[in-house]
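In what follows, a single structure is set out as structure tokens and then discussed.
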2 protein chains.
Amino acid sequence: MEIDIQLVPSPPNSNILLNRAVVVIDVLRATSVMIHALSQGVLEIIPVSTVEEAFQMAKILQRDTILLGGERESKKIQGFDLGNSPREYIAERVRGKKLILTTTNGTKAFHLVSSGKEILVGSFFNIGAIAQRCLKLKRDILIFPSGDEGKFSLEDTICGGMLIELITKRGGKAIVLTDASHCAQILYRKFKDNLLKAFRLSSHGKELIDRGFGEDLAYCAQIDITSLVPHFREGGIKISD
Amino acid sequence: MEIDIQLVPSPPNSNILLNRAVVVIDVLRATSVMIHALSQGVLEIIPVSTVEEAFQMAKILQRDTILLGGERESKKIQGFDLGNSPREYIAERVRGKKLILTTTNGTKAFHLVSSGKEILVGSFFNIGAIAQRCLKLKRDILIFPSGDEGKFSLEDTICGGMLIELITKRGGKAIVLTDASHCAQILYRKFKDNLLKAFRLSSHGKELIDRGFGEDLAYCAQIDITSLVPHFREGGIKISD
């Protein structure tokens, strides 16, 4: 079983994807929002690439059954119900709804890897459960950090590195790592006792602090607050069994 | 002054390149070969992408003034004078000649970054001199590891990380690092006392050992054996002043 991680979020070769489980990660903040929202009772999440698509979809569906969420330049979009802070997605606000979500990096990533055999949604919130699921699947894995506007993202890669650490600890020598996986694992080990330090060092972390979302950094650094393993299938993200 | 490093060798945006100095790195082994060959008296190196181009060019030029060098699957190409081990490129063999070189990753990298403002050739052999040159240039830098068949390469990124370490040590707070640069610097610090360990961990290093080129790993791990700073300009690589 090989674990690879794509350090830069360009479209992967679809032949490679066909037989792989893909884990999409956007710690700050899209996949953290998704996992949090589902844990608080959201029924399904539809990740869309543009604001226009989100409004379009809202028109088709019954307005009181859905929520529009996401960000541009980290901020809530005009006319949307919610922004991109996981803390906003609490049961009283979201239970029983379908969430249409559009963010700068994270929601686009799902469309880039849509030909993956199985597409899982990971962040520090559910990293232990994701590792267990990957071990169960017994197939090659591609970790796909959503990146920072097409570039390498430190925090996403560190989260990928933690996933690699957990899988190799339990899977032993049967797990083969690529150079990129070694890189992610080393980065994780460097920051494992202080994830927040890495978030504050990262360009996207700095940007969020500047824009007034500093509290989200500490919130998104929480590990294993849920054991949900959401998956992306036929355009939607739901909790898998 | 910003230092970025492109962790995966895809074509960079040429707008970004226009104002940057680019440092191309292929530790195992193309840029190590180039620097070594120039230090032993090669007059110029023409990096070409294919074996056919190399033979074509050899036809145009006077055969006794040139050498054909390079590899496919790490091995010397049939009809070529030299392979891709820096140890082969010694004065008695190469002095006064022009070298036409084709390798799997390194020679292609130069054509990907050819619109860079200044394109330098780096490896551990000349890393100190490259750092000094970068500081003198006072412009943004893109480090371009040649990678491993389009993928991230551990040893090239570690070499880039050493360059970042040297520049930031001398350049102080005026040097701005991207997430990718932080990543490379952390990788370098992890392996700085044992570069060979990193080479042996890397997929390309393992491949070279399997193919009988294990000695090249220790050879290419030598630091600052020359102060030459070669540059790529108008299709050729020469020593710059």
Subject >> GNM result for chain A, Cα springs below 10 Å: residue of A:66, A:119, A:209 fluctuating most strongly >> reply: A:209
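Considering Cα pairs under 8 angstrom that are at least six residues apart, work out the relative contact order of the stretch A:1-131 and quote it in whole percent.
Details: 218 pairs, mean separation 54.8, N = 131.
Relative contact order, the stretch A:1-131: 42 percent.
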**OP:** Compare B:23, B:113, B:176 in a GNM of chain B, Cα atoms joined below 10 Å, and give the one with the largest fluctuation.
**Re:** B:176
Subject >> the stretch B:127-231, relative contact order [Cα under 8 Å, separation at least 6], % >> reply: 32 percent
**OP:** Taking 7 Å along the Cα-to-C-beta vector as the label spot, tell me the residue A:170-residue B:176 distance in nanometres, rounded to one decimal.
**Re:** 4.2 nm
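For A:46, A:16, what's the largest-to-smallest order of accessible area, 1.4 Å probe?
Numbers: A:46 20, A:16 85 Å².
Output order, biggest surface exposure first: A:16, A:46.
By DSSP, what percent of the beta bridges with both residues in the protein assembly as shown are antiparallel, rounded to the nearest 5?
Values: 18 of 68 bridges.
Of the beta bridges lying entirely in the protein assembly as shown, close to 25 percent run antiparallel.
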**OP:** Express as a percent, rounded to the nearest 5, the fraction of DSSP beta bridges in chain A (both residues included) that run antiparallel.
**Re:** 25 percent
Subject >> Members of A:75/A:190; A:190/B:169; B:169/B:192; A:190/B:197; A:108/B:173; A:117/B:151 lying beyond 26 Å, as alpha-carbon distances in this model show >> reply: A:75/A:190; A:108/B:173
Original post:
Using a 1.4 Å probe, how large is the accessible area of residue A:72, given in Å² and rounded to the nearest 10?
Top reply: 70 Å²
Subject >> Cα shape, chain B, gyration tensor, a/c 1.5 rule >> reply: prolate
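Considering only the stretch B:37-146, what is the antiparallel percent among its DSSP beta bridges, to the nearest 5? The partial results should precede the final answer.
Details: 2 of 12 bridges.
Roughly 15 percent of the beta bridges in the stretch B:37-146 run antiparallel, per DSSP.
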Original post:
What FRET efficiency, computed as 1/(1 + (r/R0)^6) with R0 = 56 Å and r the Cβ-Cβ distance, is obtained for residue A:196 and residue B:75, rounded to the nearest 0.05?
Top reply: 0.70
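Can you pull out the trypsin sites (Lys or Arg not before Pro) in the stretch A:121-181 whose DSSP state is coil and whose Cβ has at most 11 other Cβ atoms within 10 Å? If you can, show how the numbers build up before the last one.
Details: sites: A:133, A:136, A:138, A:139, A:151, A:169, A:170, A:173; in loops: A:138, A:139.
In loop regions of the stretch A:121-181 (DSSP not H, G, I, E or B), the sparsely surrounded trypsin sites (Lys or Arg not before Pro) are A:138.
Run the numbers on chain A and let me know its relative contact order in percent, using alpha-carbon pairs under 8 Å that are six or more apart. Let's see the in-between values first.
Numbers: 513 pairs, mean separation 79.6, N = 241.
It rounds to 33 percent for chain A.
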Subject >> Kirkwood hydrodynamic radius of the stretch B:1-101, from inverse mean 1/r over distinct Cα pairs, in Å >> reply: 14.9 Å
**OP:** Report the GluC sites (Glu not before Pro) located in the stretch A:1-86 that are in a DSSP loop and have at most 10 other Cβ atoms inside 10 Å of their Cβ, or state none.
**Re:** A:73
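Let me know the shape class of the stretch A:145-197, please: from the alpha-carbon gyration tensor, a ≥ b ≥ c as square roots of the eigenvalues, rounded when a/c is under 1.5, otherwise prolate if a/b is greater than b/c, or oblate. The partial results should precede the final answer.
Values: a/c = 2.54, a/b = 1.46, b/c = 1.74.
It is oblate, given that a/c is not under 1.5 and a/b is not larger than b/c.
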**OP:** Grab the other residues whose beta carbon is less than 9 angstrom from that of residue A:216, score K and R as +1, D and E as -1, and report the net.
**Re:** +1
Subject >> Choice from B:205, B:79, B:147 showing the highest fluctuation, given a GNM over chain B with Cα pairs closer than 10 Å >> reply: B:79
**OP:** Give the shape of the stretch B:98-238 as rounded, prolate or oblate, defined through the alpha-carbon gyration tensor: a ≥ b ≥ c are the square roots of its eigenvalues, a/c under 1.5 means rounded, and otherwise the shape is prolate if a/b is larger than b/c and oblate if not.
**Re:** oblate
**OP:** State the dimensionless ratio Rg/Rh of the stretch A:163-241 (Rg: radius of gyration of Cα atoms; Rh: Kirkwood radius).
**Re:** 1.04
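The values are calculated or read from the model by the stated rules, or taken from the named source; none is laboratory data. Here the structure is a predicted model, which is why all the values come from computation and not from measurement. Every residue, glycine as well, gets a Cβ built from its backbone with ideal geometry; the counts of neighbours run over all protein chains shown. The accessibility values were calculated without ligands, DNA or RNA, using every heavy atom of the protein model including side chains. Shrake-Rupley method; radii C 1.70, N 1.55, O 1.52, S 1.80 Å.
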